[in-house]
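Just below is one structure, and these are the notes that go with it.
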């Protein structure tokens with residue numbers, strides 16, 4: 001039989017790593033929260049709200065990868081290959097190093113800590129973060145029924161052609177498996193939040209879970225305008 005040629009690489013490249021001094025940030029004892037969610041679960045909406053109401057700084061991992069991919073560097077080339085589907089995934093060490101760089105560039109003085117958004121995506125990332133940065137106080141995991149998630153994603157699709165629901169459901173299923181594996185060693189930290197209630201109800205559940213684990217309290221109450229304008233993304 002013949003072979004099928006492909007530019008897709010299963011291998012994750014190794015890279016020389018830099019050293020980062022996080023002592024000044026860590027001396028302030030910041031809170032760290034990992035925030036993951038299935039596609040269509042409302043992760044972006046709730047991260048934005050939490051940052052405002054609980055004085056937390058978002059570290060948006062996907063945005064960091066995209067920004068780095070635009071640079072003319074070895075790291076940028078690797079990430080361009082990842083984003084274009086030529087490589088299975090970004091090196092775990094690179095992801096954690098980008099988080100460190102974002103922490104060093106952040107202004108911590110007015111905040112209580114950090115939400116690491118869409119992290120971790122592998123068990124190795126989780127272990128590296130705890131070993132090289134700090135243990136986390138909580139892991140927020142948003143989920144909902146498959147049919148609900150698929151309906152949200154279909155309605156949010158901007159394409160002129162109708163989306164393939166089977167492909168969407170596979171993406172949701174793959175994401176669930178990936179997240180489950182990534183946080184499997186830290187179950188005691190996980191707060192699973194079912195997001196089929198109203199946005200406000202889910203928001204209060206998340207805040208309550210974080211408050212119980214960190215003693216942080218929301219800085220302001222939801223206004224009627226906020227409740228009307230919030231929508232799942």
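Here is a check on your reading of the model: is residue 94 under 21 Å from residue 38 (Cβ atoms), under 19 Å from the mean Cα position of the chain (by Cα) and either in contact (Cβ under 8 Å) with a residue 12 or more places away in the chain or surrounded by 15 or more Cβ atoms within 10 Å (Cβ to Cβ) (or both)? Here the answer is no, as residue 94 does not meet what is asked. State which residue is surrounded by the fewest Cβ atoms within 10 Å (Cβ to Cβ) when the search covers only the stretch 139-163 and only residues that are assigned to a loop (DSSP other than H, G, I, E, B) and touching a helix residue (DSSP H, G or I) at 6+ places or on another chain (Cβ under 9 Å). This residue is 162. Being over 26 Å from residue 211 (Cα atoms) and either out of contact with any helix residue (DSSP H, G or I) (no Cβ under 8 Å at 6 or more places or on another chain) or not in a helix (DSSP H, G or I) (or both), is that true of even one residue in the stretch 43-60? Looking through the stretch 43-60, none of the residues is over 26 Å from residue 211 (Cα atoms) and either out of contact with any helix residue (DSSP H, G or I) (no Cβ under 8 Å at 6 or more places or on another chain) or not in a helix (DSSP H, G or I) (or both).
Scanning the stretch 115-124 finds one or more residues that are free of Cβ contacts under 8 Å to residues at least 40 places away in the same chain, surrounded by fewer than 22 Cβ atoms within 10 Å (Cβ to Cβ) and either under 24 Å from residue 202 (Cβ atoms) or within 18 Å of the chain's Cα centre (by Cα) (or both). Cβ-Cβ contacts under 6 Å between residues 6 or more apart (or on different chains), taken from a first residue in the stretch 39-63 that is on the phi > 0 side of the Ramachandran plot and in contact (Cβ under 8 Å) with a residue 40 or more places away in the chain to a second residue that is assigned to a helix (DSSP H, G or I) and buried (at least 23 other Cβ atoms within 10 Å of the Cβ), are listed as 40/149.
Every read-out reported here was derived from the displayed coordinates using simple, explicitly stated rules and does not represent laboratory data. Keep in mind it's a predicted model, so treat the numbers as computed, not measured. Neighbour counts run over all protein chains shown; Cβ positions are idealised from the backbone, glycine included.
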